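Structure, as structure tokens:
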Amino acid sequence: MRLRQKLSDTLRPGSLKATLPKGVRFQKKVLSSGEIVRYGYYGRGAEAIALGREGSAEFHDRIAQILGREPQSGTVFNLIWKYRQSPEFTKRKPRTRADYIKQLDRIQERFGPLSLRAMANNSISNHIYAWRDSRANSPRQADYGIQVLKVLLSWGLKRGLVEHNRAAGVEALYDADRSECIWAQKEIDAFIKVAPETLRRALIFGLETGQRQADLVRLSRGALEKTVIRLTQRKGKVPVTIPISPLLRQGIDQIPPSDATTILTKQSGLPWDEKANGFRSAWRKACAKAGVKGVTFHDLRGTFATRRLAEGWS
């Protein structure tokens, strides 16, 4: 009972302050979303050291540097600190690491001061569900946070640092079934009517190959053969051979000469960046201009499968 009360007290707003060295102060900032966050500083005046957003990985890394040691042993702070230095974390792809860090920051904000003993207690399950539910207005982000918490606790469990993974059984909020989300011909026509040539080409390649955005953005001209396209999917390293349909052949024949090694390029003729952030932004704007709603680039993959099944493919 005392552990449950201590756990509740630790999770109260402002409870983090007691774990910090003297000299740490905070300034509030209101984000465009209306959320109020706090940024920490160590010291005062021109000599003050910026610590970053309260609860973030940067914040706790700098606190650890000030204290001259790693975060307090046996806490969630310490578990995250150790996980971020592990080969299991560092071997992940750069974008995945960046996404994980955002979620680890949120986990630290919520659970950082807790002991690992408390994280293994039955009563923590309710707090984990409450944290998920508090983010229900963004269900995919809420689920991603739980996913990263599961990974973190699973890593600690294998290392003998945590006794139980209380996040393991938490269900997802977001319904990822998009089997019925396909591009109708009227949506395809509307997109083609207003989108720039570079994005029209991307639409045709997505529609006629069924490949993921990440694979198409980096698809090289060398992958084109007379009758097929050969590539190795980034996810799972799966080799794929795709027949070139008449519509895709028409699109290929219209590709202008370029020094770019990739098939899909920006309007400038340069390839999209590796993370395809610019591509996603341009795609969203084109969809908005065309009035296309409820379907994504990834749904071109499902549209491809639906059409090919109708043609008798297995």
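The values are calculated or read from the model by the stated rules, or taken from the named source; none is laboratory data. Values in this document were obtained by computation on a predicted structure and should not be read as measured data. Every residue, glycine among them, receives a Cβ derived from its backbone with ideal geometry; neighbour counts consider all protein chains shown. Ligands, DNA and RNA are excluded from the accessible area calculation, which covers all protein heavy atoms including side chains. Shrake-Rupley method; radii C 1.70, N 1.55, O 1.52, S 1.80 Å.
List of remarks:
- Failed item, numbered, when ASN122 is tested on (1) in a helix (DSSP H, G or I); (2) of a type outside the set (Lys, Arg); (3) open to solvent by 60 Å² or more (accessible area, probe 1.4 Å): (1)
- Test: residue in the range 63-70 that is among the hydrophobic types (A, V, I, L, M, F, W, C) and within 30 Å of ASN277 (Cα to Cα): no
- Within the range 256-275, the set of residues being open to solvent by 30 Å² or more (accessible area, probe 1.4 Å), part of a loop (DSSP other than H, G, I, E, B) and either in contact with a strand residue (DSSP E or B) (Cβ under 7 Å, 6 or more places away or on another chain) or touching a residue at least 24 places away in the same chain (Cβ under 8 Å) (or both) comprises SER258, THR261, LYS266, GLN267, TRP272, GLU274, LYS275.
- Checking ALA98, ALA184 one by one, the residue that is more than 14 Å from the chain's Cα centre (by Cα) and either surrounded by fewer than 18 Cβ atoms within 10 Å (Cβ to Cβ) or of a type in the set (Asp, Glu) (or both) is ALA184 and no other.
- Any hit, the range 199-222, residues being open to solvent by less than 40 Å² (accessible area, probe 1.4 Å), among the aliphatic types (A, V, I, L, M), modelled with pLDDT under 95 and assigned to a loop (DSSP other than H, G, I, E, B): yes
- Scanning the range 276-285 for residues that are surrounded by 19 or more Cβ atoms within 10 Å (Cβ to Cβ) and either at negative phi or polar (S, T, N, Q) (or both) turns up PHE279, ALA282, TRP283.
- Verdict on ILE146 being crowded, with 20+ Cβ neighbours inside 10 Å, free of Cβ contacts under 8 Å to residues at least 40 places away in the same chain, assigned to a helix (DSSP H, G or I) and at negative phi: yes
- Criterion (open to solvent by 50 Å² or more (accessible area, probe 1.4 Å), outside any loop (DSSP other than H, G, I, E, B) and closer than 30 Å to ILE124 by Cα) met by exactly one of LEU157, LEU161: LEU157
- Residues being closer than 14 Å to GLU163 by Cβ and open to solvent by 30 Å² or more (accessible area, probe 1.4 Å) - total across the range 109-119: 2
- Which numbered condition THR306 fails, given (1) closer than 24 Å to GLU187 by Cβ; (2) in contact with a Ser or Thr (Cβ under 6 Å, 6 or more places away or on another chain); (3) open to solvent by less than 70 Å² (accessible area, probe 1.4 Å): (2)
- Considering the range 34-79, and only residues there that are modelled with pLDDT of 80 or more and over 30 Å from TRP155 (Cα atoms), the residue that is most open to solvent (accessible area, probe 1.4 Å) turns out to be ILE36.
- Residue satisfying condition, being farther than 22 Å from ALA195 by Cβ and either under 21 Å from the mean Cα position of the chain (by Cα) or part of a loop (DSSP other than H, G, I, E, B) (or both), within set LYS285, LYS235: LYS235
- Figure legend. Inter-residue proximity from the range 286-312: first residues of a type in the set (Lys, Arg), second residues modelled with pLDDT of 90 or more, beta-carbon distance below 6 Å, spacing 6+ or different chains. Indicated pairs: LYS289/VAL194; ARG301/GLY210.
- Any hit, the range 202-219, residues being among the charged types (D, E, K, R) and in contact with a strand residue (DSSP E or B) (Cβ under 7 Å, 6 or more places away or on another chain): yes
- Considered as a group, the residues in the range 17-33 that are part of a loop (DSSP other than H, G, I, E, B) and open to solvent by less than 80 Å² (accessible area, probe 1.4 Å) include one that is modelled with the highest pLDDT, and that residue is LEU31.
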